[in-house]
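J.: This is the structure I have questions about; it appears just below.
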Amino acid sequence: MTSRVLRRGGWNAVGIVLFVVMVFPVFWMISTAFKTDDQINSLTPTWFSATPTLRHFGDAIHTPFFWTDVKNSLIIGSSSSRSR
Amino acid sequence: MRVSGSVRILVTSGLVLVWAMPQVVAVQVWYWMTNFQNGVVNYVLTELHVGNYFQHDWYATTFSQLGLVTALIVWGALPFVAITIYAALSQVPGELVEAAEIDGARPWRVFLDVTLPILRPVLLILTSLSILWDFGVFTQPYLLIGQAHLNPSNYLMGIYLFEEGYLKADYGRGAAISILMLLLVAAMSVFYVRRMVKIGDVD
C-alpha cells in the first residue's frame, strides 16, 4: 500500500511540474500586463507586481481603431470556425 | 488515472489555457521570455544552476533559433495531443485490462497488447494531423526568429514560400514550391493514411 501511495505521489509531482512548465508563458503574459515599464525592463524579473497598474490596458483600449479591430475580429471569428 | 483528481483537473485546465492562447500572442510572450537582456528564461536557468545563462543570446545561432521554434511549436501542439490521447485512454474498456491482469500479464504487456491496439487509430490520426499542420508552419518561426535574423539557412518551407511567392511576387516559383510542399506532406503522411484505411477495413 505504501509503495502505491508513493507512486501516486511521484506521478502527482510529474503532473505539477508539467503544469508549471506549460502554464508559465500564460502566467508571464498576465503578470507582465500589470507591471510598470520599469518592472518589465528590469534585469531581475518581478513575479507578481507589488504595484499593479491598469495603465497598459488603458493605453491599449484608447487607440482610435481599437473597437474597429474588435468588430473585425468578431465578424471573422463568428463566420469561420477553426480549431487552430 | 495515476494521479489524484485535483492534479488531473489542474493539468487539464492548464493545457486548455495554453490551447486558448492565439499563436501571435504565444510567439510574443516567448519572445519576451527569451530576450537576452531581461528574459526570464535566462534568469531562471541561471538561478537553478543549470549553467550561466546571463545575457545568453538564444537567437545567435541557427541551431538555437530553430530549437526555440521547435519548443514553441511542441508547447502549442501538446494540449491537443494530450487531451485527445487522454480521451482515447478513457475509452479503453476496464474489463479488458482486468482480464489481462487476471491472466497474469505484467503492466508493460497490458499496455502493449491491450491499451496500445485500442489507441492505435487515434495515434495514427494525431501523427498525420501533426505532420500536416506543422510541416507548413509559418507564424511561429517567422515572428519568433524575426526579420532581423531570418536568412536562407534558417528558412522553413513556409518562410521560403512566403519570401518567393509573396515578397518577391514570383508567382511561378511560389506555385512550384507550394506543389513541392504538398508532395512532401503527402509522401510523409501516406504511410499513416494507409494504416488508417487498413484499420477501417478490419472494423
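J.: Calculate the dipole size of chain B relative to its Cα centre from +1 charges on Lys and Arg beta carbons and -1 charges on Asp and Glu beta carbons; express the result in debye to the nearest 20.
T.: Computed about the Cα centre, the dipole is about 120 debye.
J.: Between the range B:134-198 and the range A:23-84, what is the separation of their alpha carbon centroids in Å?
T.: 30 Å
J.: If you average the sequence gap of Cα pairs under 8 Å that are 6 or more apart and divide by the length of chain B, what percent do you get for the contact order?
T.: Averaging sequence separation for qualifying contacts and normalising by length gives 20 percent for chain B.
J.: What do you get for Rg/Rh over the range A:8-84 if you use C-alpha atoms and the Kirkwood form of Rh?
T.: 1.14
J.: So what's the back-of-envelope 222 nm ellipticity for the protein assembly as shown, counting only DSSP H runs of four-plus at -39500 (n - 2.57) apiece and dividing by all residues, rounded to 500?
T.: Here the helix-only value at 222 nm equals -23000 deg cm²/dmol.
J.: For the range A:18-64, calculate the relative contact order in percent as a whole number, restricting contacts to Cα pairs under 8 Å that are 6 or more residues apart.
T.: 33 percent
J.: Relative to the longest principal Cα axis of chain A, at what angle does helix A:2-33 sit, 0 to 90 degrees, rounded to 10?
T.: Around 20 degrees separate the two axes.
J.: Compute the label zone of A:VAL5 within the range B:1-34: residues whose backbone N is under 17 Å from the point 7 Å along Cα-to-Cβ.
T.: B:3-5
J.: Continuing with the same structure: Return the inverse of the average 1/r over all pairs of distinct C-alpha atoms in the protein assembly as shown, which is the Kirkwood hydrodynamic radius, in Å to one decimal.
T.: 22.8 Å
J.: Continuing with this model, one more query. Compute the acute angle (0 to 90°) between the alpha-carbon long axis of helix A:66-79 and the principal axis of greatest extent of the alpha-carbon atoms of chain A; round to the nearest 10°.
T.: Between helix and principal axis, roughly 60 degrees.
J.: Continuing with the same structure: In the Gaussian network model of chain B, springs joining C-alpha atoms below 10 Å, which of B:ASN151, B:ASN52, B:ASN35 carries the largest mean-square fluctuation?
T.: Fluctuation is largest for B:ASN52.
J.: Follow-up. With the crude spin-label approximation of a point 7 Å out along Cα→Cβ, what separation in nm comes out for A:SER42 versus B:ASN151?
T.: 3.7 nm
J.: Okay, next question. Can you sort B:TYR142, B:TYR31, B:TYR171, B:TYR192 by 1.4 Å-probe accessible area, starting with the largest?
T.: Greatest to least solvent exposure: B:TYR171, B:TYR31, B:TYR192, B:TYR142.
J.: For Cα pairs less than 8 Å apart in space and 6+ apart in sequence, what is the mean separation divided by the residue count of the range B:1-115, i.e. the relative contact order in percent?
T.: Averaging sequence separation for qualifying contacts and normalising by length gives 19 percent for the range B:1-115.
J.: Mean Kyte-Doolittle of at least -0.5 and a Cα length of 18 Å or more along the axis: which whole DSSP H helices of chain B meet both?
T.: Membrane-span-like by this rule: B:5-20, B:62-89, B:116-135, B:171-202.
The values are calculated or read from the model by the stated rules, or taken from the named source; none is laboratory data. All values derive from a computational prediction rather than experimental measurement. Cβ coordinates were reconstructed from backbone atoms using ideal geometry, including for glycine residues, and neighbour counts include every protein chain displayed. Note: areas computed on protein heavy atoms with side chains; ligands, DNA, RNA excluded. Shrake-Rupley method; radii C 1.70, N 1.55, O 1.52, S 1.80 Å.
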